[in-house]
Amino acid sequence: MRFTKMHGAGNDYIYFDGFQASLPTDPTTLAVTASDRHKGIGGDGIVLICPPDVPDTDARMRMFNADGSEAEMCGNAIRCVGKYLFDRGLVAKREMVVQTGRGPMKLQLEADGKVCQRVRVNMASPILEGPKIPTTLPGHPPLRAPIEVEGLTFEVTAVSMGNPHAIIIVDEPTDELVLGYGPKIEHHPAFPRRVNVEFVKVLSRTEIRMRVWERGSGETQACGTGACAVAVACSLLGLTERRIIAHLLGGDLELDWSPSENVVYMTGPAEEVFSGEWSPAS
């Protein structure tokens, strides 16, 4: 199977092209084996780039985490899908619509000639109703709702960008918090479909630094939906403006929660690393 390795701000996935070849029949197993960084290609998961099956869309994206679970949406991955389609002439326009588990997402590509450099994505409106996030924490959305994990209390603000996020404001996003408590919060009973966990330090009214424990993948270099959720949460908490820069381990993302449209715009890089053939052991 032909694949292409790409990343958005260090959030790396293995991409399979359904426009020009048959897609894998068992993406769940493939995600686990191919994502293994020691015995496989290595990545945070796999992405299937599918021909459109909904009117007025240009492509469809399916994304599977490194543990094989399918996620609704990935902001970094969809930027890479846009670059892949544009750079190869599969969608020869700088504005396109990609169908996801969250619904159709509108992309605006910044290109140098025939090569896409950055992508601006309309990430749609944040979901703030507790049961739709989903979470059992009180509030719409829950703001600084306390949860206890192994005797330590965290104040959680929950937001969904089509997938659930738990945002925690901290003095510093340390290894102890991210690696030690991230997986425990991911599986906390307050989140019936598990949750992505963002540990956030507010630097100013327009800048934050964050690390993320991503549901099904562990710590990743970046999380596009997570950065969007953080922008919404920090604004709701009165900590930042609605337009911010998020500094992640793999790079920066620009977020803008539009007050007139009630949608979050995310702008960031998309980069291709290498391509090859994957022949899994039988």
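Things worth noting here:
- Considering only residues in region 82-93 that are open to solvent by less than 30 Å² (accessible area, probe 1.4 Å) and not hydrophobic (A, V, I, L, M, F, W, C), the one that is farthest from T4 (Cα to Cα) turns out to be G82.
- Test: residue in region 228-244 that is in contact (Cβ under 8 Å) with a residue 24 or more places away in the chain and in a strand (DSSP E or B): yes
- Residue that is nearest to G250 (Cα to Cα) [pool: residues in region 1-34 that are of a type in the set (G, A, S) and surrounded by 24 or more Cβ atoms within 10 Å (Cβ to Cβ)]: A9
- Of the set (1) under 20 Å from E72 (Cβ atoms); (2) not in a loop (DSSP other than H, G, I, E, B), all apply to A124 but (2).
- Conditions (1) open to solvent by less than 80 Å² (accessible area, probe 1.4 Å); (2) in contact with a strand residue (DSSP E or B) (Cβ under 6 Å, 6 or more places away or on another chain); (3) under 29 Å from K5 (Cα atoms); number of the one not met by S125: (3)
- Of the candidates L90, L85, the single residue that is modelled with pLDDT of 95 or more, within 29 Å of L249 (Cβ to Cβ) and out of contact with any Lys or Arg (no Cβ under 6 Å at 6 or more places or on another chain) is L85.
- Taking region 140-218 and the strands (runs of 3 or more DSSP E) fully enclosed by it, the elements with 2 or more residues that are open to solvent by less than 50 Å² (accessible area, probe 1.4 Å) and touching a residue at least 60 places away in the same chain (Cβ under 8 Å) are at 152-160, 164-169.
- Pairing each residue of region 99-111 that is open to solvent by 30 Å² or more (accessible area, probe 1.4 Å) with any residue that is of a type in the set (S, T, Y), provided the two are 6+ apart or on different chains, yields C-beta distances under 7 Å for Q99/T57; P104/T57.
- Scanning region 219-243 for residues that are over 15 Å from the mean Cα position of the chain (by Cα) and open to solvent by 10 Å² or more (accessible area, probe 1.4 Å), we see that the one that is farthest from D44 (Cα to Cα) is G238.
- Every condition in (1) touching a residue at least 60 places away in the same chain (Cβ under 8 Å); (2) open to solvent by 10 Å² or more (accessible area, probe 1.4 Å); (3) not aliphatic (A, V, I, L, M) holds for R79 except the one numbered (2).
The values are calculated or read from the model by the stated rules, or taken from the named source; none is laboratory data. No experiment lies behind these values; they were computed from the predicted model shown. When we count neighbours, we look across all protein chains shown, and the Cβ atoms used for this are built from the backbone with ideal geometry, even at glycine. Just so you know, the surface numbers come from the protein's heavy atoms only, side chains and all, with ligands and any DNA or RNA stripped out. Shrake-Rupley method; radii C 1.70, N 1.55, O 1.52, S 1.80 Å.
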